[in-house]
Amino acid sequence: MCGIVGYCGSRRVVPVILEGLRRLEYRGYDSAGIVYLQDGKLIKHRSEGKLSRLEAIIGDAIIAPAHIGLGHTRWATHGAPTTANAHPHSDCSGNLVVIHNGIIENYHSLREELKDKGHIFTSQTDTEVLAHLIEEYLENDLVAAVKKAIARVEGSYALGVLWAGMPDALVAVRNQSPLVLGVSEHEGTFLASDIPALLPYTKEVIFMDDMELAILKADGHQIFSLVTGLPVEKKVTTIDWNPAMAEKAGFKHFMLKEIFEEPQAITNTVSGRINPETGEVVLPEIGLTAADLADIDRIFLVACGTSWHAALVAKYWIEKYANIPVEVDIASEFRYRHLLINKRVLTISISQSGETADTLAGIRIAKEMGAKIITICNVVGSTMTREAHGTVYTHAGPEIGVASTKAFVSQLAALFLFTLYLAQKKQTISRELGLELGQELIGIAGVVERELPRLQKEIEHLIESYYDCRDFLFVGRSLNYPIALEGALKLKEISYIHAEGYASGELKHGPIALIDKDMPVLALVPQDEVYQKSISNVEEIKARQGRIILIGTEGDSHLRTITDDVIYLPKVHSAMNPILYTIPAQLLAYAIATKRGCDVDQPRNLAKSVTVE
Ligand code: M6R
């Protein structure tokens, strides 16, 4: 949801900002803009569309001898994705600019008030009121004016402000939208919505908290609490990602690269946390005491999108092996329903970014109600990890493709680890079963690695007769039902084909009416505990002339009697099927979308990190 970049230091600012924006473009790509200070004047370039259009406009200005500036890549909320609505937004004088990620909820009344005072607005955005409001309070102290403006504003915001009257500093404010400072003794001080923008320059970062204001200068920074007015001492965190991790490394798209990184992502998530000899799981950062564990009588899993699908899988695992009732909620619903939560309810957020607004709001509510909070998260230091009592990191490395792939399978690996941890602590599984399941989890990365190249080839061939379909159904049972949902989500978000996921047994309660020769159905039919039931459902589709793709177990020749289009996967423990069966679903979506010429890494209307409600 919009990417913010700021820099002041010894480097020329324009390339630094553009590189940062390129690395944050996954957050939004409706428009982009940059501003820098040169010879006492603010110079602004903005363009609708992707960053490449802005770069074309900037041309030779890339070498401008400027050392302080801001940049923004937008995911439109208020106002169409036009150049006029692109950030940075200026005040009336043109001497002050603002970039913003978030939503100013009371912007309308502020705008009317400022218009009455003579301010002239040139965009339809909520952000522009900030520039005018700061201008209204500005005498000769930018920080004082920003503080006064913030006191009037309701909503969420990560802000960067630059004023020609204070040419050596940027001012940044955070409230409910992520903001991180990068610090480097030799290079200067950086500001960004997310870590990948900082990686080429520094791995030393400081995560801002809500209601904090930062003053960034080439030779250092200061951070103040807007609540107490006092300076705040912040911890510097060293990030162990490297810049290459956020590059395509020869792959055509980030999405494909990230699918091929899945074996490593699973291994990184699992290794060091499970003893291969005993199956014992250790999760030192989980933050649960023995008393906490004994207290838990229910678990809420809260997440959005793909992460919600991981939660649905985990419900099956946790209930089966740890014997604890689990409720799974879409975060945007969870936060507004009448929750029955107390300290015996463990609430777990699942999030790649750790910044998704609804999920964050959900855990805040549960925390207030006395629940212990754990987050399963991929981004070190993200807001959720700082607010939760405990964390299980997924260690997938930076995920840049908007469609979540390696983060999802790592979430599954982390959730299975967590299931084993709970089951072992609560002694709901035998030692033997713990060891068997632990070894299955350790082994699944190798299976995925072996199968990936073959699957990619087979699927590229298979989709020739499916890529131009208008609709698709994905079905699965039990543990594979959430994978059907995930397969459908992947396909619709990157190929724009209408796709739905269903529990196989639910088809005959309505959706089967859709089946005809134009409605392909992809069915997940591993030889697991519900295999016979799944096959019966597939027969029902076949009887109605449905076109069927089956994904099933190697050696299951019966599948070929149903359809020619079968993708075989090796037999693994049925608990591991959700991880394994995700791979062909992701590759199918990727192959169809690229065949249709879609921009798989930056699908229309989407942003990777949804930091507004
Ligand atoms: O960062 P999060 O895991 O909290 O993000 C949740 C969803 O926005 C995300 O999974 C989204 O559904 C992806 N586009 C799916 O590919």
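Restricting region 92-122 to trypsin sites (Lys or Arg not before Pro) that sit in a DSSP loop and have at most 12 other Cβ atoms within 10 Å of their own Cβ leaves Lys117. For region 452-595, the Cβ-based charge dipole about the Cα centre amounts to some 20 debye (Lys, Arg positive; Asp, Glu negative; other atoms uncharged).
Positive end of the dipole of region 3-247 (Cβ unit charges, origin at the Cα centre): among Leu114, Ala56, Gly188, the Cα lying farthest that way belongs to Ala56.
Placing unit charges on each Cβ (+1 for Lys and Arg, -1 for Asp and Glu) gives region 256-445 a dipole about its Cα centre, and among Gly272, Ile341, Met384 the Cα reaching farthest toward its positive end belongs to Ile341.
The alpha carbon centroids of region 350-429 and region 449-465 are separated by 31 Å. Between Asp219 and Lys457, the modelled label-to-label distance comes to 6.2 nm, taking each label 7 Å out from Cα in the direction of the beta carbon. In this structure, the pairs whose alpha-carbon distance is over 23 Å, taken from Lys425/Lys533; Lys315/Lys406; Lys320/Lys608; Lys372/Lys426; Lys571/Lys608; Lys147/Lys234, are Lys425/Lys533; Lys320/Lys608; Lys571/Lys608. Note: relative contact order over the chain, using C-alpha pairs below 8 Å and six or more positions apart, is 12 percent. About its Cα centre, the dipole of the chain is roughly 300 debye, where the only charges are +1 on Lys and Arg Cβ and -1 on Asp and Glu Cβ.
Restricting to DSSP H runs of at least four residues, report the calculated mean residue ellipticity at 222 nm for the chain, -39500 (n - 2.57) per run over all residues, nearest 500 deg cm²/dmol. After summing the helix terms and dividing by the residues of the chain, the value is -10500 deg cm²/dmol. For the chain, with the dipole built from +1 on Lys and Arg beta-carbon atoms and -1 on Asp and Glu ones, taken about the Cα centre, which of Ile551, Asn480, Pro65 lies farthest toward the positive end? It is Ile551.
Could you please report the charge total around Ile62, scoring K, R as +1 and D, E as -1 over all other residues with beta-carbon less than 10 angstrom from its beta-carbon? Combined, the nearby Lys, Arg, Asp and Glu give -1.
A protection proxy built from the mean count of other Cβ atoms within 10 Å ranks the segments 432-440, 372-380, most packed first, as 372-380, 432-440.
For the listed peptides 92-105, 215-228, a ranking on the average number of other beta carbons within 10 Å per residue, highest first, reads 92-105, 215-228.
Summing charges over neighbours of Asp219, with a neighbour being any other residue whose Cβ is under 12 Å away from its Cβ, gives -2 when K and R count +1 and D and E count -1. Taking Cβ atoms as reference points and 11 Å as the exclusive limit, the residues near Arg477 contribute a net charge of -2, counting Lys and Arg as +1 and Asp and Glu as -1.
Let me know the charge dipole size of region 3-247 about its Cα centre in debye, to the nearest 20, where only the beta-carbon of Lys, Arg (+1) and Asp, Glu (-1) is charged.
320 debye
Quick one: divide the alpha-carbon radius of gyration of the chain by 2.2 N^0.38 Å and tell me what you get.
1.00
Read-outs: derived from the displayed coordinates by stated rules, not from any lab. Values in this document were obtained by computation on a predicted structure and should not be read as measured data. Glycine gets a Cβ as well: all are built from the backbone with ideal geometry, and neighbour counts include every protein chain shown.
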